[in-house]
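The values are calculated or read from the model by the stated rules, or taken from the named source; none is laboratory data. Keep in mind that what you see is a predicted model, and the values were worked out from it rather than measured. Quick reminder, even Gly has a Cβ in these numbers, built from the backbone with ideal geometry, and neighbours come from all protein chains shown. Side chains are part of the model used for accessible areas, which takes the heavy atoms of the whole protein and leaves out ligands, DNA and RNA. Shrake-Rupley method; radii C 1.70, N 1.55, O 1.52, S 1.80 Å.
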Amino acid sequence: MSINPDLQGRSYPAAEVYDVGREKIREFAKAVKADNPAHFDVETARALGHSDLVAPPTFAIIVAQRADAQLVEDPESGIDFSRVVHADQRFTHHRAIVAGDRLVAELHVDGVRAMGGGAMITTRSEIFALTGTDDREKVATTTSSILVRGEGQ
């Protein structure tokens with residue numbers, strides 16, 4: 001199956017909530033070798049004006065990849081994940097992610113471009129923190145490009 005060109009313009013609604021915990025931040029910071037004390041010590045983070053531990057900037061990828069999974073798992077997409085090569089990732093932060101955040105992400109397919117037997121797909125995840133019953137605050141926007149290799153590539 002080839003990549004569905006009608007994916008462009010498609011959106012996937014926010015799915016499951018991701019609860020940001022202190023240990024998740026600490027573990028991620030250790031894994032990416034982010035050594036800022038605000039990732040590990042609550043008092044340091046509070047002294048910097050945050051309500052709790054601050055996640056490293058790339059922490060947003062955890063939530064964005066959960067949103068990306070909706071596209072990859074969509075049977076109409078034509079994406080064979082074994083043929084995917086990650087091409088680009090960008091982050092725009094509207095505010096820091098902190099422990100205690102309850103995050104959701106909406107996925108938007110911004111581009112589908114045929115390339116040989118494959119396609120380059122550009123997506124955008126809008127990440128929000130749930131702040132009340134129906135309220136949410138924009139936290140980050142991630143943009144990702146993947147190359148789906150065609151047969152024989």
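Key figures
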read-out: Which numbered condition Ala34 misses (of (1) small (Gly, Ala, Ser); (2) out of contact with any Pro (no Cβ under 6 Å at 6 or more places or on another chain); (3) at negative phi); value: (2)
read-out: Residue in segment 129-143 that is assigned to a strand (DSSP E or B), open to solvent by less than 10 Å² (accessible area, probe 1.4 Å) and either without any contact (Cβ under 8 Å) to a residue 60 or more places away in the chain or aromatic (Phe, Trp, Tyr) (or both) present; value: yes
read-out: Members of segment 99-121 that are over 30 Å from Val54 (Cβ atoms), in contact (Cβ under 8 Å) with a residue 24 or more places away in the chain and not in a loop (DSSP other than H, G, I, E, B); value: Val109, Gly111, Val112, Ala114, Met115, Gly118, Ala119, Met120, Ile121
read-out: Scan of segment 40-73 for residues that are within 21 Å of the chain's Cα centre (by Cα) and open to solvent by 70 Å² or more (accessible area, probe 1.4 Å), ordered by number; value: Pro57, Gln65, Arg66, Glu73
read-out: Qualifying residue in segment 82-99 (condition: closer than 18 Å to Gln8 by Cα and buried (at least 21 other Cβ atoms within 10 Å of the Cβ)); value: no
read-out: Single match in Glu76, Glu16 (criterion: open to solvent by 60 Å² or more (accessible area, probe 1.4 Å), under 17 Å from Ile127 (Cβ atoms) and in a loop (DSSP other than H, G, I, E, B)); value: Glu16
read-out: Count of residues meeting criterion [over 13 Å from the mean Cα position of the chain (by Cα), more than 15 Å from Gln8 (Cα to Cα) and aliphatic (A, V, I, L, M)] in segment 130-153; value: 1
read-out: Segment 3-28 residues that are at positive phi, paired with ones that are not polar (S, T, N, Q) (beta carbon under 8 Å, 6 or more apart); value: Gly9/Val109
read-out: Identity of the residue in segment 100-117, over 18 Å from Thr143 (Cα atoms) and modelled with pLDDT of 95 or more, that ends up most open to solvent (accessible area, probe 1.4 Å); value: Arg102
read-out: Of all residues making up segment 54-73, the number that are in contact with a His (Cβ under 8 Å, 6 or more places away or on another chain) and part of a helix (DSSP H, G or I); value: 2
read-out: Search result, residues across segment 1-13 that are in a loop (DSSP other than H, G, I, E, B), surrounded by 12 or more Cβ atoms within 10 Å (Cβ to Cβ) and either of a type in the set (A, V, I, L, M) or at pLDDT 90 or above (or both); value: Ile3, Gln8, Arg10
read-out: Residue in segment 83-98 that is part of a strand (DSSP E or B), over 20 Å from Phe28 (Cβ atoms) and in contact with a Lys or Arg (Cβ under 7 Å, 6 or more places away or on another chain) present; value: yes
